[in-house]
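Enquirer: Handing you a structure now.
The values are calculated or read from the model by the stated rules, or taken from the named source; none is laboratory data. If you're wondering where the values come from, they're calculated on a predicted model, not measured in any experiment. Positions of Cβ are backbone-derived with ideal geometry, glycine not excepted, and every protein chain shown enters the neighbour counts. Accessible surface areas use protein heavy atoms only, side chains included; no ligands, DNA or RNA. Shrake-Rupley method; radii C 1.70, N 1.55, O 1.52, S 1.80 Å.
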Amino acid sequence: MKRRTYIDPTIASSDVTPESVFLNRRDLIKASSGGAAAALGLSAAQSGLAAEPAELSFKPDTQSALLKELTPYDDVTSYNNFYEFGTDKSDPVQHAHAMTTDPWAIKIGGLVNQPGELHLEDILRGFDLEERIYRFRCVEAWSMVVPWVGFPLAELLQRFDPKPEGRFVEFKTLYRRAEMRGTRSFTSIIDWPYREGLRMDEAMHPLTLMTVGLYGKTLPNQNGAPLRLIVPWKYGFKSIKSIVEINVTAKQPNTSWQELQPSEYGFYANVNPEVDHPRWSQRFERRLPSSIFNPNRVPTLPFNGYEEQVAGLYAGMDLRKFY
Ligand SMILES: Nc1nc2c(c(=O)[nH]1)N[C@H]1C(S)=C(S)[C@@H](COP(=O)(O)O)O[C@H]1N2
Ligand SMILES: [Mo]
């Protein structure tokens, strides 16, 4: 399989696995210092080492018009929102290594004919991975262009055979207080675990990606390892990280940000330059990397540039009301 190799400035060439391999425990452990931990049978997180991203096999996205606009790996992996580890943009990269991601399983239930559990190994073996270069727009008005690696969420849901009365899909993030310092903080405002949801047709849309990697490698913890959602036409908070549970439901599920501040964060959260956040405009975004001297301000596009593909999902809906 032809694949693109990304040059990652943060990884010495001696650390890079020479051929594409499927994820296994050994690949998750840093080649140098992780060796001792591996010999002791410890996972990287148990040993206190951040798991080093491992190479993935996937079909590269060679046609994307966004190929020339990619946000550098260092920015994608060091400027993050992952409140389980703190609310500063630099908290996740500093503290998310404490999260154990091996072993990992997701429970799929609710209104499905075949409820069950999937282990990460089965997910990586059981689905064809593909690269998708997407724009990613946070409600806070910063954005990136990221080469994700994953597979359509629809393929996963279909295996569990949703019942016809299932109209929504609910997602939950891992909640493990001992490993997530942000959840122990007394200033923490979210009712953990972090929860998100989609309407069934949004969940089944071919752009909706179950994501296991970025820049050709497994996700770093701070970006939602080992498995997260990416919904490119919605504000970033819909793209829930480190998923452990998926439920098909009849009613619209409660979501963390909506619960926190319903007047500011809606269930739909479609990127929309016409509907301002109550406290700021959504007409423009800061495309990372961005600095005071070079803010890199670009106009925000309706549905984040995916209008042609997804606007039909919302035909007849008042998008000011259903924000
Ligand atoms: N579990 C969980 N998922 C989350 C968040 C979070 O705090 N916790 N933050 C969301 C927000 S606001 C954004 S913008 C994106 C950020 O993803 P990134 O750090 O990979 O850029 O993750 C989303 N998913
Ligand atoms: Mo966000």
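Enquirer: Only one residue in Ala105, Ala51, Ala38, Ala65 is out of contact with any Phe, Trp or Tyr (no Cβ under 9 Å at 6 or more places or on another chain), at pLDDT below 50 and among the hydrophobic types (A, V, I, L, M, F, W, C). Which one?
Expert: Numbers: Ala105 fails: at pLDDT below 50; Ala51 fails: at pLDDT below 50; Ala65 fails: at pLDDT below 50.
Result of the check over Ala105, Ala51, Ala38, Ala65: Ala38.
Enquirer: Another question, if that's okay. Cβ-Cβ below 6 Å, separation at least six or inter-chain, first residue in the stretch 102-126 and polar (S, T, N, Q), second not in a helix (DSSP H, G or I): which pairs?
Expert: Close Cβ pairs satisfying both conditions: Asn113/Asp161; Gln114/Phe160; Gln114/Asp161.
Enquirer: Collect the residues in the stretch 100-151 that are of a type in the set (Val, Ile, Thr) and more than 28 Å from Thr249 (Cα to Cα), keeping them in residue-number order. Steps first, please.
Expert: Of all residues in the stretch 100-151, those of a type in the set (Val, Ile, Thr) come to 100-101, 106, 108, 112, 123, 133, 139, 145-146, 149.
Result: Thr100, Ile133, Val145, Val146.
Enquirer: Moving on to the next point. Given the condition within 18 Å of the chain's Cα centre (by Cα) and over 20 Å from Gly197 (Cα atoms), answer yes or no: does some residue in the stretch 152-168 qualify?
Expert: no
Enquirer: Going through the stretch 249-286 one residue at a time, which ones are of a type in the set (D, E, K, R) and within 13 Å of ligand 1 (Cβ to nearest atom)? Reasoning before the result, please.
Expert: Taking the stretch 249-286 first, the residues of a type in the set (D, E, K, R) are 251, 259, 264, 274, 276, 279, 283, 285-286.
Result: Glu264, Glu285, Arg286.
Enquirer: Between residues in the stretch 170-182 that are within 12 Å of Phe85 (Cβ to Cβ) and residues that are open to solvent by 40 Å² or more (accessible area, probe 1.4 Å) and within 16 Å of ligand 2 (Cβ to nearest atom), which pairs lie under 9 Å by C-beta distance while being six or more apart or on different chains?
Expert: Gly182/Tyr83; Gly182/Thr87
Enquirer: Inside the stretch 229-256, can you point out the residues that are without any contact (Cβ under 8 Å) to a residue 60 or more places away in the chain and open to solvent by 10 Å² or more (accessible area, probe 1.4 Å)? If you could, list the steps in order and put the result at the bottom.
Expert: Just the residues of the stretch 229-256 that are without any contact (Cβ under 8 Å) to a residue 60 or more places away in the chain, to begin with: 231, 238, 254.
Asn254, the sole residue that qualifies.
Enquirer: Same structure, new question: Do we have Pro220 as in contact with a helix residue (DSSP H, G or I) (Cβ under 9 Å, 6 or more places away or on another chain) and buried (at least 23 other Cβ atoms within 10 Å of the Cβ) here? Steps first, answer last, please.
Expert: Details: in contact with a helix residue (DSSP H, G or I) (Cβ under 9 Å, 6 or more places away or on another chain): yes; buried (at least 23 other Cβ atoms within 10 Å of the Cβ): yes.
Criteria met by Pro220.
Enquirer: Consider Arg167 against the criteria (1) free of Cβ contacts under 8 Å to residues at least 60 places away in the same chain; (2) under 25 Å from Val271 (Cα atoms): it satisfies all of them except one. Which criterion is unmet?
Expert: (1)
Enquirer: Okay, moving on. Specify the residue that is nearest to ligand 1 (Cβ to nearest atom); the eligible residues are those in the stretch 81-104 that are among the small types (Gly, Ala, Ser), on the phi < 0 side of the Ramachandran plot and surrounded by 15 or more Cβ atoms within 10 Å (Cβ to Cβ). Spell out the reasoning first.
Expert: Just the residues of the stretch 81-104 that are among the small types (Gly, Ala, Ser), to begin with: 86, 90, 96, 98.
Pick out the ones that are also on the phi < 0 side of the Ramachandran plot and you get 90, 96, 98.
Next, only the ones that are surrounded by 15 or more Cβ atoms within 10 Å (Cβ to Cβ) stay: 96, 98.
Details: Ala96: 10, Ala98: 15 Å.
By that ranking, first place goes to Ala96.
Enquirer: Has the stretch 190-198 got at least one residue that is surrounded by fewer than 22 Cβ atoms within 10 Å (Cβ to Cβ) and more than 18 Å from the chain's Cα centre (by Cα)?
Expert: Yes, because at least one residue in the stretch 190-198 is surrounded by fewer than 22 Cβ atoms within 10 Å (Cβ to Cβ) and more than 18 Å from the chain's Cα centre (by Cα).
Enquirer: Within the stretch 125-169, can you find the residues that are of a type in the set (D, E, K, R) and part of a strand (DSSP E or B)? Spell out how you get there, then give the answer.
Expert: Going through the stretch 125-169, the residues of a type in the set (D, E, K, R) turn out to be 125, 128, 130-132, 135, 137, 140, 155, 159, 161, 163, 165, 167.
Once the filter is applied, which keeps residues that are of a type in the set (D, E, K, R) and part of a strand (DSSP E or B), the stretch 125-169 yields Glu130, Glu131, Arg132, Arg135, Arg137.
Enquirer: Could we say that Pro162 is more than 19 Å from Lys238 (Cβ to Cβ), at pLDDT 95 or above and of a type outside the set (Gly, Ala, Ser) here? Spell out how you get there, then give the answer.
Expert: Working: more than 19 Å from Lys238 (Cβ to Cβ): yes; at pLDDT 95 or above: yes; of a type outside the set (Gly, Ala, Ser): yes.
The answer is yes for Pro162.
Enquirer: Which ones in the stretch 124-143 are surrounded by fewer than 18 Cβ atoms within 10 Å (Cβ to Cβ) and within 16 Å of the chain's Cα centre (by Cα)?
Expert: First, pick out the residues of the stretch 124-143 that are surrounded by fewer than 18 Cβ atoms within 10 Å (Cβ to Cβ): 125-128, 130, 140-141.
Once the filter is applied, which keeps residues that are surrounded by fewer than 18 Cβ atoms within 10 Å (Cβ to Cβ) and within 16 Å of the chain's Cα centre (by Cα), the stretch 124-143 yields only Glu130.
Enquirer: A follow-up question, please. Take the residues in the stretch 170-181 that are open to solvent by less than 10 Å² (accessible area, probe 1.4 Å) and outside any loop (DSSP other than H, G, I, E, B); name whichever of them is farthest from Gly266 (Cα to Cα). Steps first, please.
Expert: So the first thing to find is which residues in the stretch 170-181 are open to solvent by less than 10 Å² (accessible area, probe 1.4 Å), and the list is 171, 173, 180.
From what is left, the residues that are outside any loop (DSSP other than H, G, I, E, B) are 171, 173.
On the way: Phe171: 16, Thr173: 19 Å.
So the residue we want is Thr173.
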